[in-house]
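Everything below concerns the one structure shown next.
Every number in this text was worked out from the coordinates using simple rules, so none of it is lab data. Predicted model, so just to flag it, every value in this text is computed and none were measured. No Cβ is skipped: glycine too gets one built from the backbone with ideal geometry, and neighbour counts run over all protein chains shown.
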Amino acid sequence: MLLPTHEKQFGFWAMRRKGLPNITIAQELGISRQAVSRALLAMDEKVGAALREMANANQIAIERVNTERGILLGRSIPFQTAAIIFVSEKHGMQVWYEHEGNCGICPRYIECIELLWDYANEMGIKIEKTADPTKMADELFTKVKGMA
């Protein structure tokens with residue numbers, strides 16, 4: 001299941017994740033609080049279903065899910081390591097496995113750095129500037145786990 005990130009409901013969800021209360025979302029968009037609440041309930045169901053589907057597809061045993069934040073914490077059965085599935089406004093649904101990467105030789109080095117910075121910004125999380133994506137990920141996901 002792909003998340004409909006282009007739909008209005010996702011926009012409401014992203015605004016709430018940034019900390020805006022329903023009343024503020026309603027006022028900014030010129031709609032009723034009830035419309036916002038209904039849209040958020042529907043989007044929470046979609047986010048939860050998408051997170052669980054992604055966990056199932058990647059053989060991740062679910063430990064915790066926070067649909068309002070778009071976070072699923074679990075454990076990869078085949079890799080025997082912690083895993084996090086998260087929703088990024090810019091990057092869509094992502095799966096990250098806890099690992100010690102050899103980032104200096106990885107062809108996805110820049111992509112990882114961008115993903116981690118973008119996601120930290122979306123979540124309003126401050127992380128240390130470092131050239132090591134593994135350290136960035138450890139810091140970021142330790143903070144994300146506290147939100148889940």
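What the Cβ-Cβ distance of Ile125 and Ala57 gives, at R0 = 25 Å and to the nearest 0.05, is a FRET efficiency of 0.40. Working from label points 7 Å from Cα in the Cα-to-Cβ sense, the Phe79 to Glu114 distance is 2.1 nm.
Order these peptides, 93-104, 5-16, by their mean beta-carbon neighbour count within 10 angstrom, highest first. Before the final figure, lay out the partial values.
Working: 93-104: 13.9, 5-16: 17.5.
Ranked by mean Cβ neighbours within 10 Å, highest first: 5-16, 93-104.
Per residue of the chain, the DSSP helices (runs of n ≥ 4 H) give a summed -39500 (n - 2.57) that works out to -16000 deg cm²/dmol at 222 nm.
With a Cα cut-off of under 20 Å and a minimum spacing of 8 residues unless on different chains, the lysine pairs in the chain number 18. Look at Val47, Val144, Val65 and count the other Cβ atoms within 10 Å of each Cβ; fewest to most, that gives Val65, Val144, Val47. Of Gly146, Thr24, Val47, which is farthest along the charge dipole of the chain in the positive direction, counting Lys and Arg as +1 and Asp and Glu as -1 at C-beta? The Cα lying farthest towards the positive end belongs to Thr24.
Remark: Leu2, Leu20 ranked as Leu2, Leu20, counting other beta-carbon atoms within 10 Å and listing the fewest first.
One Cα centroid belongs to the stretch 30-107, the other to the stretch 113-147; the line between them spans 15 Å. Report the percentage of all Cα-Cα pairs in the stretch 8-147 whose separation exceeds 21 Å, rounded to a whole percent. Pairs farther apart than 21 Å: 47 percent.
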